[in-house]
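As C-alpha cells, the structure follows; a few thoughts come after it.
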Amino acid sequence: MAVKSLGVVMNGVTGRMGYRQHLVRSILAINEQGGVELSDGSRVTLDPLLVGRSEEKLRDLATRHGLERWTTDLDTALGDAANVVYFDAQLTSVREEAIVKAIDAGKHVYTEKPVSETVEGALTLAKRARTAGVKNGVVHDKLFLPGLLKLRRLIDSGFFGRILSVRGEFGYWVFEGDWQQAQRPSWNYRSEDGGGIVVDMFCHWDYVLTNLFGRVEAVTARAVTHIPERWDERGRRYDVTADDAAYAIFELAGGAVAQFNSSWAVRVHRDELLELQVDGTLGSAVAGLHHCVIQPRTATPRPTWNPDLADEQRYREQWQDVPDNAPPKNGFMAQWEQFVRHVAEDGPHPYDFLAGARGVRLAQAGLQSSDGGCRVELPELTL
C-alpha cells in the first residue's frame, strides 16, 4: 500500500511535554511503526519541523534523533505548503497568538491544553478555525490511558448501574528545588506565566468527567498555595504566585457528584498518581493510569462499624482486576493517530477547540468559586 508523508510544524518541542510525549513517544514512535494506517490500508508518516526560540536546543534535538528540519522562524514554517499540520506545546501565554497565525496560514491545528488563557480567546479560536475550514483538536490524552479505557468498557457494559459518585485523587510531592531539584518547571508556580494547578488540571477533569460520566453543570472549589516559596531551574528562590492544590466538587448531568483533590504538595499513598473511584448501584471500580479493579454488588462485603475492635477485613484484597484485553499504547500517541486520520480521511475526532474551551471555562469557574467562596453553575457552552 502507498505511504504518504504529512509535514507537521512542532512548536515548543524543546519543552518537557513537547519533547517526551509528542516528539519522541508520538511522532517518532508512529514513524517507527511505519506510519498511521488509514481505513483503505494506506499509511501516513509524519515529517516534523521543529520550531522554538533556541537554535542550540533545536540543533541538538535534531541531531540526536536524525532529523533534518528545524527553525526559529515560525512564519517561514507556516508559509511552507508541505507543512499541513501545526502543533503547539508552548507556554499557554503565547499559544493563542501562534494558533491564530497557523489558522490564517490554512494549517490544521492540534494543540496542548489549555488552548487559550481565557474562555473568550478559546471560543474565538474555535470560530476562526470553523470559518477557515481547518480541522482542529486539543490534547485529551487521559481518555486514552489503559485504566480509563477499562472504565469506559465498564460503563458501556452497564456494570455500574446508576452511577452515584466519582472520587478523584491526583498529585504527588513536587520538591521545592532548594535541596532537591523540582520535578516540574518553575513557571507552573507563577500565575503571571500561566501556572497553577487549577488552570493545568481542571481542563483535564472537564473532559474526563464529560466523556465518561456526564457534563459538568456546576463547580464548588477551593484553590490554595501550600508552598509559598520555591527555587527555579537555576537555583534562584522565587515567590509562588499560583495555586499548587485544589479541592473541588463537580455536579454532573444525570445527578452524579464528583469530588477531586489535585495537589503538588501531597505525598502518595495510592497505587498510582491518579486514581478514580466510581460507585454505582450495581458495582464500584477504582481506576488508575494503568490498572483497574472492580467490586460488583453481588461480591460486596458487609462492613460493620465498631471502633472498639480492630477490623479484620482486608478490603483491598476483595477487589478483582480488570484485564487489559488489548496491548496498551501511549495515550498521546493514540490521540495523534486519531488526529492524523481526522486530517487525512476525515476520521472522527470530537476533541476540538470547543471541547478545549469547556476545559478553560471549568478552570476559570473553579478559580471564581475559590475567590468568591461560592458555587458556580455552568450552562451548555456553544459557538
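The values are calculated or read from the model by the stated rules, or taken from the named source; none is laboratory data. Nothing here was measured: the structure is a model prediction, and the numbers come from that model. Virtual Cβ from ideal backbone geometry, glycine too; neighbours counted across all protein chains shown.
Quick one: what pairs do we get from the range 311-338, first residue under 15 Å from Gln21 (Cα atoms), second of a type outside the set (Ser, Thr, Tyr) and not in a helix (DSSP H, G or I), C-beta under 6 Å, 6+ apart or different chains?
Once the first residue is under 15 Å from Gln21 (Cα atoms) and sits in the range 311-338, its partners that are of a type outside the set (Ser, Thr, Tyr) and not in a helix (DSSP H, G or I) give Gly331/Leu145; Glu337/Val36.
Grab the strands (runs of 3 or more DSSP E) fully contained in the range 264-366, keeping just those with 2 or more residues being in the same structural domain as Thr92 (by TED's automatic domain parsing).
Details: elements: 274-280, 283-287, 292-296.
Where strands (runs of 3 or more DSSP E) fall fully within the range 264-366, none carries at least 2 residues being in the same structural domain as Thr92 (by TED's automatic domain parsing).
What tally of residues in the range 230-263 results from selecting those that are assigned to a loop (DSSP other than H, G, I, E, B), on the phi < 0 side of the Ramachandran plot and either touching a residue at least 24 places away in the same chain (Cβ under 8 Å) or touching a Cys at 6+ places or on another chain (Cβ under 9 Å) (or both)? Please lay out each step first, then the result.
Within the range 230-263, the subset assigned to a loop (DSSP other than H, G, I, E, B) is 232-236, 240-244, 253-256.
Then keep just the ones that are on the phi < 0 side of the Ramachandran plot; that gives 232-234, 236, 240-244, 253, 256.
Next cut, either touching a residue at least 24 places away in the same chain (Cβ under 8 Å) or touching a Cys at 6+ places or on another chain (Cβ under 9 Å) (or both) only: 232-233, 240-244, 253, 256.
Looking only at that region, the number is 9.
Name the single residue that is surrounded by the most Cβ atoms within 10 Å (Cβ to Cβ) among those in the range 264-294 being over 29 Å from Val376 (Cα atoms), in contact (Cβ under 8 Å) with a residue 60 or more places away in the chain and of a type outside the set (A, V, I, L, M, F, W, C).
Filtering first and then ranking leaves Gly283.
For residues that are of a type in the set (D, E, K, R) and not in a helix (DSSP H, G or I), tally how many sit in the range 185-204. Let's see the steps before the verdict.
Step one: filter the range 185-204 for residues of a type in the set (D, E, K, R), giving 190, 192-193, 200.
Now drop any that are not not in a helix (DSSP H, G or I), which leaves 190.
So the count comes out to 1.
Residue by residue through the range 173-200, note down the ones that are closer than 17 Å to Leu274 by Cβ and crowded, with 24+ Cβ neighbours inside 10 Å.
Ile197, Val198, listed by residue number.
Which residues, taken from the range 23-49, are in a strand (DSSP E or B) and in contact with a Gly (Cβ under 9 Å, 6 or more places away or on another chain)? Let's see the steps before the verdict.
At the first step, the residues of the range 23-49 found to be in a strand (DSSP E or B) are 36-37, 43-49.
Correct list: Arg43, Val44, Thr45, Leu46, Asp47, Pro48, Leu49.
Of the residues Val208, Val219, which single one is assigned to a helix (DSSP H, G or I), crowded, with 22+ Cβ neighbours inside 10 Å, at pLDDT 95 or above and touching a strand residue (DSSP E or B) at 6+ places or on another chain (Cβ under 9 Å)?
Values: Val219 fails: assigned to a helix (DSSP H, G or I).
That would be Val208, the only listed residue that is assigned to a helix (DSSP H, G or I), crowded, with 22+ Cβ neighbours inside 10 Å, at pLDDT 95 or above and touching a strand residue (DSSP E or B) at 6+ places or on another chain (Cβ under 9 Å).
Which condition number in (1) over 21 Å from Val376 (Cβ atoms); (2) within 17 Å of the chain's Cα centre (by Cα) is the one that Asn261 fails?
(1)
Scanning the range 90-120 for residues that are part of a helix (DSSP H, G or I) and crowded, with 24+ Cβ neighbours inside 10 Å, which turns out modelled with the lowest pLDDT? Reasoning before the result, please.
Filtering the range 90-120 down to residues part of a helix (DSSP H, G or I) leaves 92-104, 119-120.
Still in the list and also crowded, with 24+ Cβ neighbours inside 10 Å: 95, 99, 102.
Numbers: Arg95: 94, Ile99: 98, Ala102: 98.
Only one residue tops the list, namely Arg95.
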